[in-house]
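Enquirer: Can you keep this structure in mind? I'll have questions shortly.
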Amino acid sequence: MTRLGRISLRVPRDRNGLFPTSLFEKYQRSEKALVLAIAQMYIQGISTRKVKAIAQELFDEQISASTVSRLCKSLDESLETFANSKIDEQYPYLILDARYEKIRESGTVSSKAILVAIGVSESGKRAVLGIELANRESRNSWSDFISKLQDRGLSGVQLVISDAHKGLQAAIEQLLTNAIWQRCYVHFLRNALDYLPRSADENCLLELRQIYERFDLQEARSSLSNWITRWEDKYPKVVDFVEQNIDQTLNYYSFPPSHRIHIRSSNSLEGFNQEIKRRTPVVRIFPEELQEKISKKDSNKDLANVA
């Protein structure tokens, strides 16, 4: 099966089956370029049914949705290589976050966590360091995820940027002992909204956001003091929340000014998650085999603990 349609080949055979051909591998039934083209369509978020229709139009070849899935199995090797690749470069800044996808499990559908890590180098280069599926976003799952990154060579982390998930905070404190935690200021502002009435003056949150645009920590604290004075009588709940938690969002001021825009929030990871989100709706619900992989991993961990 090729990009030009189906062709029949007469392959020479010898008695002992030792003759190889350089055109294709043994038992191969599809041209490699065709397989790569189909896999690339799948990566770009095109459903297996749509790939089937495109293949019919372009190659004049009947390809079932199940065949498309089978041909895309070649991606598993690339993913496995990525998941176990050595982290050779140092990343002083580490951004952690999780998103959720629906997975079918024993006939029911539930949401499972996808843990993601992005590293930012001294030069500002960003790299996806790890992606892993977990039953839930907990201290144990985050600890396991971070430990694997360290086993692959992650080192030199000075600042970890994330939201205020308790399990994630505990894992960071346990495993990244030399790093400072930076609470994502975007998530912080969203949390602050919970303490404001719907009819609240929009300038209250706008002025709070402007604190993160100051040149240094001294200017930021001066702006914070002015903000508290202006709004504490009108919105005491949000002011109390900010006073108790804002220090967690200002740690990025301890780092070079040119780095701060990249490390004050987890926005770069949010953008990556949007790219994932753009592709996964075509699947809607992922098959049960993903859950089996999680269960197998958890079972192996339990056996190791018993041992």
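The values are calculated or read from the model by the stated rules, or taken from the named source; none is laboratory data. Because the structure is a prediction, the values reported are computed rather than measured. Glycine gets a Cβ as well: all are built from the backbone with ideal geometry, and neighbour counts include every protein chain shown. Ligands, DNA and RNA are stripped out before the accessible areas are found, and what is left, the full protein with its side chains, is counted by its heavy atoms. Shrake-Rupley method; radii C 1.70, N 1.55, O 1.52, S 1.80 Å.
Enquirer: If you roll a 1.4 Å probe over the stretch 1-159 with all protein chains in place, what percent of the accessible area is carbon or sulfur?
Expert: 51 percent
Enquirer: Provide the gained length on full extension for the span residue 213 to residue 122, in nm with one decimal, where the gain is 0.36 nm per separating residue minus the Cα-Cα distance.
Expert: So the chain would gain 30.7 nm between residue 213 and residue 122.
Enquirer: If I model a spin label at residue 244 and residue 76 as a point 7 Å from the Cα along the Cα→Cβ vector, what separation in nanometres do I get?
Expert: 4.9 nm
Enquirer: Based on the mean of other beta carbon atoms within 10 Å per residue, what is the order of 52-58, 105-111, most packed first?
Expert: 52-58, 105-111
Enquirer: If you don't mind, there's one more thing I want to ask. In Å², what does the accessible area per residue of the chain work out to with a 1.4 Å probe?
Expert: That works out to 61 Å² for each residue.
Enquirer: Could you sort the peptides 142-152, 231-241 by per-residue average Cβ neighbour count (10 Å cutoff), highest mean leading?
Expert: So the peptides 142-152, 231-241, ranked by packing, come out 142-152, 231-241.
Enquirer: Out of (1) 121; (2) 215; (3) 138, which label holds the value of volume of the Cα convex hull per residue in Å³ that was computed here?
Expert: (2)
Enquirer: Determine, for each peptide in 130-141, 4-15, the mean count of other beta carbons within 10 angstrom over its residues, then list the peptides with the highest first.
Expert: So the peptides 130-141, 4-15, ranked by packing, come out 130-141, 4-15.
Enquirer: If each residue of separation counts as 0.36 nm, what is the full-extension length gain between residue 33 and residue 50 once their alpha-carbon separation is subtracted?
Expert: Here the segment from residue 33 to residue 50 would lengthen by 4.3 nm.
Enquirer: With Cβ to Cβ distances under 13 Å as the rule, what net charge do the other residues near residue 68 carry (K, R +1; D, E -1)?
Expert: +4
Enquirer: Run the dipole for the stretch 24-121 about the Cα centre, Lys and Arg Cβ at +1, Asp and Glu Cβ at -1, nothing else charged, and hand back the magnitude in debye, nearest 20.
Expert: In debye, rounded to 20, the stretch 24-121 gives about 400.
Enquirer: Sticking with this structure for a sec: If you average the alpha carbon positions of the stretch 138-159 and of the stretch 216-237, how far apart do those two centres end up, in angstrom?
Expert: The stretch 138-159 and the stretch 216-237 have Cα centres spaced 36 Å from each other.
Enquirer: Still on this structure, please answer the following. Which links in 102/125; 73/125; 50/277 stretch past 23 Å when you go from one Cα to the other?
Expert: Over 23 Å Cα-Cα: 102/125; 73/125.
Enquirer: From the phi of every residue in the stretch 6-20, what ³J(HN,Hα) in whole Hz does the Karplus formula 6.51 cos²θ - 1.76 cosθ + 1.60 yield, where θ is phi - 60° and glycine or proline is x?
Expert: 8, 10, 9, 10, 9, 9, x, 10, 10, 4, 8, x, 9, 6, x
Enquirer: Using a 1.4 Å probe, how large is the accessible area of residue 213, given in Å² and rounded to the nearest 10?
Expert: Ignoring ligands and nucleic acids, residue 213 comes out at about 110 Å².
Enquirer: Need one number: nm distance between label points at residue 85 and residue 40, each 7 Å from Cα along Cα→Cβ, rounded to one decimal.
Expert: Label at residue 85, label at residue 40, 1.9 nm between them.
Enquirer: Same structure, new question: So between residue 202 and residue 151, what do we pick up on full extension, going 0.36 nm a residue minus the alpha carbon distance?
Expert: Computed gain between residue 202 and residue 151 is 13.7 nm.
Enquirer: May I pose another question? May I ask which residue of 280, 178, 147 lies farthest towards the positive end of the charge dipole of the chain, with charges of +1 (Lys, Arg) and -1 (Asp, Glu) on Cβ and the Cα centre as origin?
Expert: The Cα lying farthest towards the positive end belongs to 280.
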